[in-house]
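A.B. asks: There's a structure below that I have some questions on.
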Amino acid sequence: MVDLHCHILPEIDESTQSLSDSIRLLSLEKENGVSKIVFTPHFNFEKNHLEEFLEKRKDSYARLISSFPNTELEFSFVLSAEVAFSPKVLFNYQKLLVGNTHYLLLELPLSYFPDLINDVVFRLISNGIIPIICHVDRYRYFFQNPLLLFNLVNLGAIIQVNASPIVHDSKVRRFVSFLDRHNLFHCIASDTHSVVQRPPEIKNAYMYLRQLIGEEKTEKTKSNAELIFQGRNIRAEKPTIPVHVLTKWI
Ligand SMILES: [Fe+2]
């Protein structure tokens, strides 16, 4: 299985891990059946310098691999970033993609839906880049107005939901089921930050997904993550407009 989004690399961003925690997280990923991992430390155009970030990411990865020499035999790794939304991404995405693929993980602001996002997504897609909107379960505005998600998916964006909330939060499970009925849900990822706070729970999340959306669609979700990892296009169904009772999710 693939984990498309996680904070496992040691000592790189504010979700920083000690080396021993990073190694522990990799063992937990293995217990979850994950063997392909995209490392996605946070990158923010307002806070980070791109070249410094890339250097730091390279060093962090080298430290992890050298301290755990068998790791590369058990896993396939890809370097990437979770990029905080900024229009600046339009001019600087090449080195932040999921490895050598045409996918880009975008994180949105928590408290407001950014005005320019549709325009930026449109331009990225026009340039052949497919944005993956990270952990849509974290944004209240999507619960309140799923039409915002419809517009992004209709442009060609991919939607990722975090694994842990699927396991622990019934409201998120209802939301995922709702999104799935409208073809507004494509993949899950652990977004693991630490052994204690948010360990990888991909295996359990897929178990819940099977109950929520059925075996076939769950397998499709898994295969979407695999295709993204390989840099291949996923075959997403056309989204349908979510007719939605506003108070349902609040
Ligand atoms: Fe993240």
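A.B. asks: Need pairs with beta-carbon distance below 9 Å; first residue closer than 10 Å to THR40 by Cα and assigned to a loop (DSSP other than H, G, I, E, B) and within the range 1-13, second within 9 Å of the ligand (Cβ to nearest atom) and aliphatic (A, V, I, L, M); sequence gap 6+ or separate chains.
C.D. replies: Listed by first residue and then by second, the contacts come to LEU4/LEU105; LEU4/ALA189; HIS5/LEU105; HIS5/ALA189.
A.B. asks: Return yes or no: is LEU73 at pLDDT below 90, out of contact with any helix residue (DSSP H, G or I) (no Cβ under 6 Å at 6 or more places or on another chain) and part of a helix (DSSP H, G or I)?
C.D. replies: Answer is yes for this residue.
A.B. asks: So, one more: Filter the range 14-36 down to residues that are part of a loop (DSSP other than H, G, I, E, B) and within 16 Å of the ligand (Cβ to nearest atom), then give me how many there are.
C.D. replies: Going through the range 14-36 one residue at a time, the tally reaches 4.
A.B. asks: Also, I was wondering about something else. Being away from the ligand (no atom under 13 Å from the Cβ) and aliphatic (A, V, I, L, M) is the filter; apply it to the range 1-13 and report the residue that is surrounded by the most Cβ atoms within 10 Å (Cβ to Cβ).
C.D. replies: VAL2
The values are calculated or read from the model by the stated rules, or taken from the named source; none is laboratory data. On a predicted model such as this, the values are computed, not experimentally measured, just so you know. When we count neighbours, we look across all protein chains shown, and the Cβ atoms used for this are built from the backbone with ideal geometry, even at glycine.
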